[in-house]
1. Being within 15 Å of the chain's Cα centre (by Cα), open to solvent by less than 50 Å² (accessible area, probe 1.4 Å) and under 30 Å from H75 (Cβ atoms) is the filter here, so list the residues in segment 105-137 that pass it.
2. Does A140 count as in a strand (DSSP E or B), open to solvent by less than 80 Å² (accessible area, probe 1.4 Å) and small (G, A, S)?
3. Being at pLDDT 85 or above, open to solvent by less than 50 Å² (accessible area, probe 1.4 Å), closer than 30 Å to W208 by Cα and of a type outside the set (V, I, T): is that true of L102 here?
4. Quick check: is even one residue across segment 161-177 at pLDDT 90 or above, closer than 15 Å to I203 by Cα and either open to solvent by 50 Å² or more (accessible area, probe 1.4 Å) or outside any helix (DSSP H, G or I) (or both)?
5. Go through segment 61-94 and count every residue that is at pLDDT below 85, surrounded by 10 or more Cβ atoms within 10 Å (Cβ to Cβ) and not in a helix (DSSP H, G or I).
6. Just to be sure I understand the filter: pairs with C-beta atoms under 6 Å, separated by 6 or more residues or on different chains, first member in segment 227-247 and more than 17 Å from L212 (Cα to Cα) and of a type in the set (K, R), second member open to solvent by less than 90 Å² (accessible area, probe 1.4 Å) and not in a helix (DSSP H, G or I). Which pairs pass?
Amino acid sequence: MAEPESKRKIPLVPENLLKKRKAYQAIKATQAKQALLDKRKHRGGKQIKFKRLEAFVRDSHRKRRDDVRLQRMEHRPGLMVLPEGHKLAFAVRIAEIKGVSLQVLHIVQRLRLRKIYSGTFVKLSPASLKMLRIVEPYVAWGYPNLKSIRELILKRGHAKINNKKLALTDNVLIEKHLGNYGIICLEDLIHEIYSAGKHFYEINKFLWPFHLSVARHAARNKMGFRKEIGDPGFRGDGINQLIRHLN
C-alpha cells in the first residue's frame, strides 16, 4: 500500500500583516464610494460650459449696437407716432437675444417673448409702440386681421391658470375666469382681442403666449429658413403672411 500523502501545510500570515490588509481594503472601499458620490453630484449639477472668445466679441458688439440704436431713437420722435386706424399689433420673436443690452432683454420679458418663435398680442399705445421699436431688431410685428386672430386662438390658444397651460377647448373655462368682464365664450374673446377693448389687458394676460411651429428643415438649413420668414422689424399687414407660415 502506498503511503498516505502528507498533509499540505498552509503558510501562516503574521497578524500585523492581516490587519494592514484589512485597513487598506477599508480605505479603498471608502475612496471608491466617495468617488461614486462625487461623480453623481457632478452629473446632477450644471455642466461646465466653455465660451469661446468669438462669443464674447459678438455679445459685446451686439450690446454696443443696441446702446447706439437706443440713443439715436431718442432724437427721432417720429418713430413713436401712433398709426391711424390701428389699435392692435402682433409681435413674434424670430431672432436670438444672446448678448443684448439689459433694456432690450427687459422689454422682451415684458412682452412675454422669452422663447424664440413665440408671439403675443400688443395693444398699441405710445408706451407699447416704444417697446416694439426698442426690440425691433429681434421681433417681427404688424397689424393682424380678424382671420389671423381667429386662426391663432382656435389652433394655438391656451389659457394661463395658476401658472398652468390649459387648452381653450371649453367655454365653461372661459366663462369661469372671464365672466366678470362679459366674456363667456371663445367668440367673445376673439372679438375683444380684435377690437382691443377696455378689458384687453386682462384677456391678454389670461392667454398663454402663442408658441408657433417651425419647419423641420429649419434646424438643418437655418439661413434658408431665415430667408423664408424674412427679417425682423415692422411688417404692417405682412404679419398675416408670417402668422400663416408659422401657424
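The values are calculated or read from the model by the stated rules, or taken from the named source; none is laboratory data. Given the structure is predicted, the values throughout are model-derived calculations rather than measurements. Note that we place each Cβ from the backbone using ideal geometry, even for glycine, and neighbour counts take in every protein chain shown. Please note that ligands, DNA and RNA were not included when accessible areas were found on the heavy atoms of the full protein model with its side chains. Shrake-Rupley method; radii C 1.70, N 1.55, O 1.52, S 1.80 Å.
1. Restricting attention to segment 105-137, the residues satisfying the condition of being within 15 Å of the chain's Cα centre (by Cα) are 105-120.
Now restrict to residues that are open to solvent by less than 50 Å² (accessible area, probe 1.4 Å): 107-108, 111, 113, 117-120.
Across segment 105-137, the qualifying residues are I107, V108, L111, L113, T120.
2. Details: in a strand (DSSP E or B): yes; open to solvent by less than 80 Å² (accessible area, probe 1.4 Å): yes; small (G, A, S): yes.
Considered against the rule, which asks whether it is in a strand (DSSP E or B), open to solvent by less than 80 Å² (accessible area, probe 1.4 Å) and small (G, A, S), A140 comes out as yes.
3. Working: at pLDDT 85 or above: yes; open to solvent by less than 50 Å² (accessible area, probe 1.4 Å): no; closer than 30 Å to W208 by Cα: yes; of a type outside the set (V, I, T): yes.
It is false that L102 is at pLDDT 85 or above, open to solvent by less than 50 Å² (accessible area, probe 1.4 Å), closer than 30 Å to W208 by Cα and of a type outside the set (V, I, T).
4. Scanning segment 161-177, I find no residue that is at pLDDT 90 or above, closer than 15 Å to I203 by Cα and either open to solvent by 50 Å² or more (accessible area, probe 1.4 Å) or outside any helix (DSSP H, G or I) (or both), so the answer is no.
5. The qualifying residues number 2.
6. R235/A140; R235/G142
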